[in-house]
Amino acid sequence: MSSSSPQGPATDALPGAASPEAEPRSLRLEDWLTVIVMAALALITFANVLVRYFTNSSFAWTEEISVFLMIALALIAGSAAVARDQHIRIEYFAEGGSALRSKRLSMLGAATVALLFGVIAVLSVRVVWDDYSFGETSPGIGVPQWWYSIWLPVFSALITARAIGLFIRRSRGTVSDAAPAHKDAQP
């Protein structure tokens, strides 16, 4: 006899992926930002390759913007991973033991992520202020540095909010809700 999940058959879902009903609807923000950033990275890189091929020189600004976009992409993806409860963890400990233990570890992980990125958000505001008040400019283009650094506290606050939301969902859910959506061993 095989066991079925309460969400029904989800054979095409990725292992560990939350069901669409369990995902926050506002994850569309991260999904669209990911698409936009990836498209911008591809276009900038392609344009630089074409210019380099045809002129033997390159756009100086492409590397600076590409590095910024890759950092932004990592923070956006981190936010989506936290909201979907797919952040990095050691599965042996997260899935081992009772369902109550898994729920408590999931809540502890969400609280730790919220604390860490909350601290990063608060402390990085000082970095932004220093960039603004001292008039720092970027090395490649010469635009104000705070145009880039302002996004660290913004995205860190977003990750903090997502982690708090995950913590609340885990604390309100039943013990069986905290168990991961996938189990390798089937009875």
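Nothing in this text is a laboratory measurement; each read-out follows from the coordinates by a stated rule. These numbers come from a predicted model, not from an experiment. Backbone-built Cβ (ideal geometry, glycine too); neighbour counts: all protein chains shown.
Residues Ala94, Ala60: which one is under 30 Å from Phe167 (Cα atoms), in contact (Cβ under 8 Å) with a residue 60 or more places away in the chain and surrounded by fewer than 19 Cβ atoms within 10 Å (Cβ to Cβ)?
Going through Ala94, Ala60 in turn, the sole match is Ala94.
Taking region 63-91, which residues are of a type outside the set (Asp, Glu) and farther than 20 Å from Phe167 by Cα? Step through it out loud before you land on a result.
Residues of region 63-91 of a type outside the set (Asp, Glu): 65-84, 86-90.
Of everything in region 63-91, those that are of a type outside the set (Asp, Glu) and farther than 20 Å from Phe167 by Cα turn out to be Ile65, Ser66, Val67, Phe68, Leu69, Met70, Ile71, Ala72, Leu73, Ala74.
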